[in-house]
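Peer 1: One structure is given below, represented as structure tokens, and several questions about it will come after.
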Amino acid sequence: MIRVLLADDQTLVRAGFRSILEGEDGIEVVGEAADGAEAVRLARWSRPDVVLMDIRMPGLDGLAATREITAHSEIRVIILTTFDLDDYVYGALRAGASGFLVKDTEPAELIHGVRVVARGDALIAPSITRRLISEFAARARHPDPGPRLNALTDREREVMALVAAGLSNDEIAARLVLSPATAKTHVSRIMTKAGVRDRAQLVILAYESGLTVPGWLTRDPP
């Protein structure tokens, strides 16, 4: 059973999400919060698997609430907003979110997103990864690989760069002539060594550390 917490300052929005999610097998809504501070409290008390978090709420906003929740737990957060803006996406990822959806997403996409994030994957399409993360990472002035990347093997660095370019495990396997299972194992091992919870955080780390740069996949690997 996937346990979901809803956080949005609009009662009707929460009711709509609850109606959609509770009609699905294997999903249970365990609570509702009207602001970020309440979301943090309920997350600590109810221990959901996934939080659907509005980005604009009174008091503590969704980004700050996400930062507090993910800093002290394995709870995963999907940011919800009416504003499909690049800076919100990047801010959500930097705050520790595992996914990003606009509020007018179709019910089937919302359900799919909850299931994807609950199983530990990032809800970011490769096109979004390449367009948004590359754009913001290009602004980093002083990339620092740090000790987390120093622990990676050359092969692991290569795989991490491909993840940052938005490739799926199957695409990584095809490019490196590996089995999909081996590619998945590499990605899991890299996330463990790097101390990140999912692919979204791995992408952020790859760019901010200087391991990869925007557009490298059209040339030769770094």
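Peer 1: Among 137, 164, which is the only one that is closer than 26 Å to residue 77 by Cβ, among the hydrophobic types (A, V, I, L, M, F, W, C) and modelled with pLDDT under 65?
Peer 2: None of the others qualify; the one that does is 137.
Peer 1: Something else now. In this structure, does residue 51 turn out to be β-branched (Val, Ile, Thr) and open to solvent by less than 10 Å² (accessible area, probe 1.4 Å)?
Peer 2: Against the criterion (β-branched (Val, Ile, Thr) and open to solvent by less than 10 Å² (accessible area, probe 1.4 Å)), residue 51 qualifies.
Peer 1: Could I ask something else about it? Does residue 111 satisfy the condition of being in contact with a helix residue (DSSP H, G or I) (Cβ under 9 Å, 6 or more places away or on another chain), in contact (Cβ under 8 Å) with a residue 40 or more places away in the chain and part of a strand (DSSP E or B)?
Peer 2: no
Peer 1: Given (1) at pLDDT 90 or above; (2) more than 21 Å from residue 200 (Cα to Cα); (3) out of contact with any strand residue (DSSP E or B) (no Cβ under 8 Å at 6 or more places or on another chain); (4) open to solvent by 40 Å² or more (accessible area, probe 1.4 Å), where does residue 67 come up short, assuming only one miss?
Peer 2: (2)
Peer 1: Moving on to the next point. Only one of 62, 96 is of a type in the set (Gly, Ala, Ser), open to solvent by less than 40 Å² (accessible area, probe 1.4 Å) and over 21 Å from residue 202 (Cα atoms). Can you tell me which?
Peer 2: Selected residue: 62, the only one of 62, 96 that is of a type in the set (Gly, Ala, Ser), open to solvent by less than 40 Å² (accessible area, probe 1.4 Å) and over 21 Å from residue 202 (Cα atoms).
Peer 1: Regarding residue 149, is this residue closer than 17 Å to residue 200 by Cα, hydrophobic (A, V, I, L, M, F, W, C) and either at pLDDT below 60 or assigned by the TED database to the domain that holds residue 197 (or both)?
Peer 2: Criteria met by residue 149.
Peer 1: Quick test for you: out of 77, 102, pick the one residue that is over 18 Å from residue 197 (Cα atoms) and modelled with pLDDT under 95.
Peer 2: Exactly one of 77, 102 is over 18 Å from residue 197 (Cα atoms) and modelled with pLDDT under 95, namely 102.
Peer 1: Condition test on residue 82, is it open to solvent by 20 Å² or more (accessible area, probe 1.4 Å) and either assigned by the TED database to the domain that holds residue 17 or at pLDDT 85 or above (or both)?
Peer 2: Considered against the rule, which asks whether it is open to solvent by 20 Å² or more (accessible area, probe 1.4 Å) and either assigned by the TED database to the domain that holds residue 17 or at pLDDT 85 or above (or both), residue 82 comes out as yes.
Peer 1: For the range 193-213, what are the residues that are part of a helix (DSSP H, G or I) and among the hydrophobic types (A, V, I, L, M, F, W, C)?
Peer 2: Correct list: 194, 200, 202, 203, 204, 205, 206.
The values are calculated or read from the model by the stated rules, or taken from the named source; none is laboratory data. Everything quoted here is computed from the prediction, not taken from an experiment. Don't worry about glycine lacking a Cβ; one is built from the backbone with ideal geometry, like all the others, and counts go over all protein chains shown. These area figures cover heavy atoms from the full protein model, side chains too; ligands, DNA and RNA do not enter into them. Shrake-Rupley method; radii C 1.70, N 1.55, O 1.52, S 1.80 Å.
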